[in-house]
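Working notes, beginning with the structure itself.
Derivation of every value follows stated rules applied to the coordinates shown; laboratory data play no part. Being a predicted model, the structure only gives us computed values, none of them experimental. Quick reminder, even Gly has a Cβ in these numbers, built from the backbone with ideal geometry, and neighbours come from all protein chains shown.
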Amino acid sequence: MQDKMQKLVALCKRRGFVFPASEIYGGFANSYTYGPYGSELKKNIKDLWWKTFVSSRRDMVGIDGPIILHPKLWEASGHVGGFNDAMVDCKQCKKRFRADHLVEEATGQDFEGELEKMQEVLVNEKVKCKVCGSSDWSEVRVFNLMFKTEMNTTEGGEENIAYLRPETAGAIFIEFKNVVDSSRVKVPFGIAQIGKAFRNEIVAGNFIFRLREFEQMEIEYFIDPELAWEELFEDWLLKQEQFAMALGAKPEDIRRYEHAQEKLSHYSKKTVDIEYNFPFGGFKELFGLAHRTDFDLKAHAEASGTKLEYFDAANNRRFVPHVIEPTFGLDRSILTALVAAYTEEELEEGSRIVMKFPRNLAPVTVAVFPLLKNKPELVAKAEEVFANLSMIFKAEFDDNGNVGKRYRRQDEIGTPFCVTIDFDSLEDDTVTVRDRDTMEQERVKIEELVGYIQEKL
Ligand code: GAP
C-alpha cells in the first residue's frame, strides 16, 4: 500500500497534479502546490461540492469571509484557550512530535489530553524517536495550533496579534445575523463556505493529508433547538458518504468513527468522522460531522454584545438555533480522488497507469489529437474541433509523439475522452473517440461530439 502511495506521489509530480512547494529553495516542509492538472481537479471538486450542497438546495446560502478576523472571535470560540496539541521534543535530534500519536502507536491507546499519562508511556515503554532512534524525551507540553500574525508591525505588542483562521466556521457564525437580516433564509437553513484554514501542525508526512495551510468546505446548518436532530444528523452522514463516493471512493473504503464523549471538541455534543482507507496507515478522517449545539452563537453573542437569535414568525418564538456542522477537507478530498483513481493495468501491449477519476471530476474532459502533426490539413481540422469543444469542456490539444504515447499521457492525467482527427475526418466529418476506461474506439460525427460527451458525463 505504501508502495502505491510512492507511485502516486511520483505521478502527481510527473504529470503536474501536486508539486512540493518552494522546491528551488530546497523545499519547505509539508507545503505543496497544485499544478496545472491538480488545480483543475481541485476546482472541479469545489464546484461539485458547491453545486451539491449550495446551489441545488433551497435551504442553503454561501459566504466568502476573510482569513484574518477579529482576534476576539477566537477567544470566544475557545480556540485561543483550548485549540492545542500535545507535543514532545527528542532531546537528541531536536525533532518535535505529536505526543499523543507516538503514545497511540506504542500502546494502541488514545491518551489525548492526558499529559502525565503520555509522559509515563514515553518513558516506561522507551518509545523511540522516529528520526534518530533515541528515547530521550523532553517534557510533554501543549502548543496552540493557531498561526499568529501581527497587524501593525511598527508598534508591535500583544494588542496587535491576529490569527489566521484555524477553521472556516468562525466566519460563518459571526455573519449569522447579517445573513438572516439580508436573505430570506428560514430555520432550518445552512451557511456554507469554502476557504483556507491554517494550523501549526507537527506534520507526519503523508503528502497532502495533513498540512499547515489547507482548505475546508464547511456548512453550519442552523436548526430549531427543539428539533429531534438525530434523523437530520444521520441524513448528513449519508450525504457525506455519498460525496466521498462521488470522489471515486468505494463503499468498502469508507467507514464511520464516532468520537467518545470524553474526547469531544470543546464545542461538540456528538461528532462522527467519515473515514477513508488511505494507503498509509488505513482508515483516517476524511470528513467530520459535529453537533455544535448553540455553543458558538451564544459565545459570540456574549463576547460581542450582539444578540444572535432567530425569530420564528410562524410560531412567534425567539430562540438561539443549534448547529449541525458537516465539514469537508478539500485537500483530503483531492487525495481521496487521487488514491481512488490510481490504477495499474496489464495490457497485451504492455502495462498502463490510468487515473480513473469520475468523469465529471477529471482535470481534462477531452483531448483532441491530429493524427499527424506535419499534415496541415489535419492540424487545421483538429484546431477547429478543439476550438468548439473547449468552449464547453476543459479540453486539451495534443500533437506530441505518436497517438499511442498521447493516449498513455492522457490516461495518466485521467482524461475520459480522446478525439483523433484522421484523413477520413477530412472526407466525412467524423472522428475517433477513445474511451479512457474501456479503451474502445467509436466513430462519431463532429457535429454530434458535444452531445456524445455530455451524455457520457
Ligand atoms: N469546523 C470543524 C473543523 O474544523 P476538523 O475536524 O478540525 O473540524 C475539518 O477539520 C476537516 O478539515 C477534517 O475532516 C479534514 O478533512 C480537514 N483538515 C483538518 N486539519 C487538516 C490539516 N492539517 N490538513 C489538511 N486537512 C485538514
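Couple of notes before you dig in:
- Summed over region 165-184, the residues that are more than 16 Å from the ligand (Cβ to nearest atom), part of a helix (DSSP H, G or I) and not small (Gly, Ala, Ser) give a count of 5.
- Restricting attention to region 303-331, the residues that are more than 15 Å from Val187 (Cα to Cα), in a helix (DSSP H, G or I) and either without any contact (Cβ under 8 Å) to a residue 12 or more places away in the chain or of a type in the set (Asp, Glu) (or both) total 1.
- Considering only residues in region 1-52 that are touching a helix residue (DSSP H, G or I) at 6+ places or on another chain (Cβ under 7 Å) and not in a helix (DSSP H, G or I), the one that is surrounded by the fewest Cβ atoms within 10 Å (Cβ to Cβ) turns out to be Phe19.
- Filtered residues of region 292-302 (kept if small (Gly, Ala, Ser) and either free of Cβ contacts under 8 Å to residues at least 60 places away in the same chain or within 13 Å of the ligand (Cβ to nearest atom) (or both)): Ala301
One line per residue, one yes/no per condition, for (1) surrounded by fewer than 18 Cβ atoms within 10 Å (Cβ to Cβ); (2) more than 9 Å from the ligand (Cβ to nearest atom); (3) under 28 Å from Phe111 (Cβ atoms); (4) of a type in the set (Asp, Glu):
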residue	(1), (2), (3), (4)
Arg199	no, no, yes, no
Glu226	yes, yes, no, yes
Leu232	yes, yes, no, no
Glu241	no, yes, no, yes
Ala244	no, yes, no, no
Gly248	no, yes, no, no
Lys263	yes, yes, yes, no
Lys284	yes, yes, yes, no
Ala290	no, no, yes, no
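- When each of Leu73, Leu122, Leu69 is tested for being within 29 Å of Gly282 (Cα to Cα) and either under 25 Å from the mean Cα position of the chain (by Cα) or among the aliphatic types (A, V, I, L, M) (or both), the lone residue that passes is Leu122.
- Tallying residues that are without any contact (Cβ under 8 Å) to a residue 60 or more places away in the chain and within 27 Å of the chain's Cα centre (by Cα) within region 103-117 yields 2.
- Region 74-91 residues that are in contact (Cβ under 8 Å) with a residue 60 or more places away in the chain and under 10 Å from Phe143 (Cβ atoms), paired with ones that are assigned to a helix (DSSP H, G or I) and of a type in the set (A, V, I, L, M) (beta carbon under 9 Å, 6 or more apart): Asp85/Ala99; Met87/Ala99
- Scoring Ser268 on the criteria (1) part of a loop (DSSP other than H, G, I, E, B); (2) away from the ligand (no atom under 14 Å from the Cβ) leaves a single failure, condition (2).
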